[in-house]
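The structure appears right after this line, and notes come after that.
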């Protein structure tokens, strides 16, 4: 009987010691080591890829933002502020996305099939809006000019980037709204176009937040 109690106590003590050691190693030492390495080698990414403007954090390069006008009385959905470059659709399409206007409670896509009647209508309506919004007196957008990501949301609904084609399509409208030369705005887009990662991974892209920060600075100088 005494031997049984002694063995049980010894096993419990061994288990407790293992628990304490593993708690310290995996719950304290390992997280601190990983955090230290991340902060030392990749501080920007470790802290959320923050983007600053005028000394303040204004967002993350990984998360898209909305550029809308304030809601008017009776409105439920804000209108886009056309003086800024616009990103991909912010709420899936129409009102069918689980992520609404880049609110980070949820993320997701439409989960509609390509032949879904509602999805087809949303895409057609979105394309018509892109054509109308980006056509100016001296520059007319054709439906065939509209790239796919201008009328569809990403899988997460939070994509911060657009293609150079979609950025180029918006240049004349942005220049007109901000009273800037088209060539100056085009140069801004070119300066904020990133190529394929490592030269072959992914596609060229433009981060909308970074581009709009640069646009705001350009307008302020003018």
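Each value in this text was obtained by applying a stated rule to the coordinates, not by laboratory testing. Keep in mind that this is a model prediction, so the values were computed, not measured. When we count neighbours, we look across all protein chains shown, and the Cβ atoms used for this are built from the backbone with ideal geometry, even at glycine.
So if each residue of separation counts as 0.36 nm, and I subtract the Cα-Cα distance between residue 22 and residue 133, what length gain in nm does that give? Show your work: numbers first, answer last.
On the way: separation 111, 0.36 × 111 = 39.96 nm, distance 5.94 nm.
Gain in length upon complete extension: 34.0 nm.
Among 74, 59, 199, whose mean-square fluctuation peaks in a Gaussian network model of the chain (Cα, cutoff 10 Å)? The residue with the greatest mean-square fluctuation here is 74. Where does helix 164-178 land angle-wise versus the long Cα axis of the chain, in degrees 0 to 90, nearest 10? Once rounded, one gets 60 degrees. Per-residue packing, averaged as other Cβ atoms within 10 Å, sorts the ranges 208-220, 181-193 into the order 208-220, 181-193, beginning with the highest.
If you bin all the Cα-Cα distances of the range 2-45 at 5 Å, starting from zero, the percentages per bin are 5, 21, 13, 13, 11, 9, 9, 6, 6, 4, 3, 1, 0. In this simple spin-label approximation, residue 113 and residue 33 carry label points 7 Å from Cα along the Cα→Cβ vector, and these lie 5.1 nm apart.
Largest mean-square fluctuation among 77, 152, 35, in a Gaussian network model of the chain whose springs join Cα atoms under 10 Å apart, belongs to 35. Rounded to the nearest 500, the 222 nm mean residue ellipticity of the chain from helices alone is -14000 deg cm²/dmol, with -39,500 (n - 2.57) taken per DSSP H run of at least 4 residues.
Once you compute Rg and the Kirkwood Rh from C-alpha atoms, what is the Rg to Rh ratio for the range 157-222?
Numbers: Rg = 12.4 Å, Rh = 12.4 Å.
Here Rg/Rh amounts to 1.00.
Roughly how tilted is helix 117-134, in degrees to the nearest 10 and between 0 and 90, from the longest Cα axis of the chain? Computed tilt is about 60 degrees. Normalised by the number of residues in the chain, the average gap of Cα pairs under 8 Å and 6 or more apart makes the relative contact order 17 percent.
Rule-of-thumb check for the chain: C-alpha Rg over 2.2 N^0.38 Å? Mind dumping the intermediate values first?
On the way: Rg = 25.3 Å, N = 222, 2.2 N^0.38 = 17.1 Å.
Cα-based Rg divided by the globular estimate yields 1.48.
Cα axis of helix 208-221 to longest principal axis of the chain: angle in degrees, 0 to 90, nearest 10? With both axes taken from Cα atoms, the answer is about 50 degrees.
Would you kindly state how much longer the chain becomes between residue 68 and residue 218 on full extension, computed as 0.36 nm times their sequence separation minus their alpha carbon distance, in nm to one decimal?
Working: separation 150, 0.36 × 150 = 54.00 nm, distance 1.97 nm.
Contour length minus the Cα-Cα distance gives 52.0 nm.
Simple spin-label estimate for residue 198 and residue 7 gives 5.6 nm between the two label positions (7 Å along the Cα-to-Cβ direction from each Cα). When the Gaussian network model of the chain links Cα atoms closer than 10 Å, the mean-square fluctuations of 179, 205, 17 top out at 17.
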